[in-house]
Amino acid sequence: MMDFAIFWDWLSFAVRWLHVITGIAWIGSSFYFVALDLGLRQRPGLPAGAFGEEWQVHGGGFYHIQKYLVAPAEMPEHLTWFKWESYATWLSGFAMLCVVYYAGADFFLIDPNVLNISAPVGILLSLATIGVGWIVYDLLCRSPLGKSDTGLMLVLYCVLVFIAWGLTHLFTGRAAFLHLGAITATIMSANVFMVIIPNQKIVVADLIAGRKPDPRYGKIAKQRSLHNNYLTLPVLFLMLSNHYPLAFGTQFNWVIASLVFIIGVLIRHYFNTVHARKGNPTWTWLGAAVLFMIIIWLSTVPKVLTGEPKTSAASAAAQVYIASAHFPAVRDTVLGRCSMCH
């Protein structure tokens with residue numbers, strides 16, 4: 001009979017793999033449509049209601065794409081929806097959260113030195129932070145602040161910084177980073193499930209009923225889609241960070257996470273600007289590089305800021321193990337095979 005630990009390890013691997021597959025599908029389609037939208041060209045002679053068009057070549061053929069800012073005059077016979085990539089990514093991500101962090105809450109989720117709580121309480125806190133994160137974001141978007149894209153993004157960034165700081169006072173550093181990524185990814189997926197797709201369905205229903213669609217539904221959906229576009233790269237960093245303790249294993253981990261969001265915005269701003277044919281803002285890469293150097297410094301030189309001694313004497317109990325002839329081999333094994341994840 002298969003050992004349960006082996007089965008569970010393979011289950012964890014399978015869920016991670018599925019999450020990566022679905023994430024690639026979602027991110028790929030998201031990046032493509034943002035690039036397509038920004039690259040649309042207007043010309044005389046476009047069909048009534050068409051905002052712009054784009055000619056593309058790929059895979060040995062040419063594609064002619066036109067975008068209707070609100071909707072075409074009639075409902076097309078065939079309509080392709082892009083939504084399951086988002087749903088599958090979130091569901092597989094939540095499954096991974098359950099398999100790894102909830103099933104192993106005592107090891108991966110909870111740190112008694114941070115907050116001494118039981119596993120069930122930690123899981124409830126985890127679920128609450130994910131849900132509250134979406135509610136706060138959605139309320140801000142629906143508030144009068146939502147009319148200003150720049151103002152809304154600045155406030156949302158401040159909220160994310162506060163969440164990053166708060167999570168590091170609830171969970172392990174590793175779990176804090178993953179939960180910040182999970183909250184952000186939930187916002188992105190909920191944007192699709194709760195706003196973008198429902199708004200598009202309203203427009204489709206109006207077309208079928210012969211009514212003129214309200215353009216505000218498309219405007220709202222586009223704003224949420226733009227948020228998703230800028231949040232993607234920070235989420236990828238946060239999800240990958242669990243393999244790199246240098247990112248989360250410092251008391252400045254919440255600062256590192258906050259800087260990562262700025263780096264992600266800078267990189268996406270570069271690509272969005274290029275796709276829109278509005279220039280080549282290479283300064284964004286310089287800014288991202290400078291911020292990344294600051295992150296490296298924060299991860300390796302925290303004691304300079306805190307005044308802590310560079311080294312501390314080993315305890316009497318630890319000295320017993322250090323004195324063992326096998327200690328160097330064990331140390332090398334742990335550093336080479338375990339430390340990157342644990």
- Count the lysine pairs in the chain whose Cα atoms sit under 20 Å apart, keeping only pairs 8 or more residues apart in sequence or on different chains. 16
- Note on the structure: Averaged over all viewing directions, the convex hull of the alpha carbons in the range 157-243 casts a projected area in nm² of 6.3 nm²
- Query: Under a GNM of the chain (C-alpha, springs under 10 Å), which listed residue has the highest mean-square fluctuation: ILE322, ILE21, ILE135?
  - Reply: ILE322
- Message: Using a 10 Å cut-off around each Cβ, can you sort HIS243, HIS275, HIS58 from fewest to most neighbouring Cβ atoms?
- Response: HIS58, HIS243, HIS275
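At 0.36 nm per residue, and after removing the present C-alpha to C-alpha distance, how many nm does the segment from VAL161 to ILE262 gain when stretched out fully?
Contour length minus the Cα-Cα distance gives 35.3 nm.
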- Would you work out the relative contact order for the range 100-306, in percent, from Cα pairs under 8 angstrom that are 6 or more residues apart? 19 percent
- Message: Quick check: convex hull of the Cα atoms in the chain, volume per residue, rounded to a whole Å³?
- Response: 216 Å³
- Query: Separation between the MET293 and HIS64 pseudo-spin-labels, each 7 Å from Cα along Cα→Cβ, expressed in nm?
  - Reply: 5.1 nm
- Note on the structure: When GLU54, GLU85, GLU74 are arranged by how many other beta-carbons sit within 10 Å of their Cβ, fewest first, they go GLU74, GLU54, GLU85
- D (Stokes-Einstein, µm²/s), Kirkwood Cα radius, the range 116-173, 1.567 mPa s at 4 °C: 102 µm²/s
- Please state, as a whole number in µm²/s, the translational diffusion coefficient that the Stokes-Einstein equation yields for the range 1-135 at 20 °C and 1.002 mPa s, with Rh defined as the Kirkwood radius across alpha carbon pairs. 111 µm²/s
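Taking 37 °C and 0.692 mPa s as the conditions, I'd like the Stokes-Einstein D for the range 92-132 in µm²/s, using the Kirkwood hydrodynamic radius from alpha carbon pairs. Each step should come with its number before you reach the end.
On the way: Rh = 10.3 Å.
Value of D from the Cα-based Kirkwood radius: 317 µm²/s.
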- Per-selection metrics, the range 1-45 (Cα): Rg and Dmax in Å: 20.4, 71
- Message: Based on alpha-carbon atoms only, what is the radius of gyration of the range 103-259 relative to the globular estimate 2.2 N^0.38 Å?
- Response: 1.20
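Where in the chain are the DSSP H helices whose C-alpha atoms run 15 Å or more along the long axis and whose mean Kyte hydropathy is at least 1.6? Don't jump to the answer; show the numbers that get you there.
On the way: long enough: 4-38 (50 Å, 1.24); 84-96 (18 Å, 0.22); 119-142 (35 Å, 1.53); 149-167 (26 Å, 1.99); 173-190 (25 Å, 1.09); 197-209 (18 Å, 1.02); 215-240 (38 Å, -0.01); 253-275 (33 Å, 1.21); 283-300 (26 Å, 1.78).
Qualifying helices: 149-167, 283-300.
Read-outs throughout are calculated quantities, based only on the coordinates presented, and are distinct from any laboratory measurement. What you are looking at is a predicted structure, and each value in this text was computed from that prediction instead of being measured. When we count neighbours, we look across all protein chains shown, and the Cβ atoms used for this are built from the backbone with ideal geometry, even at glycine.
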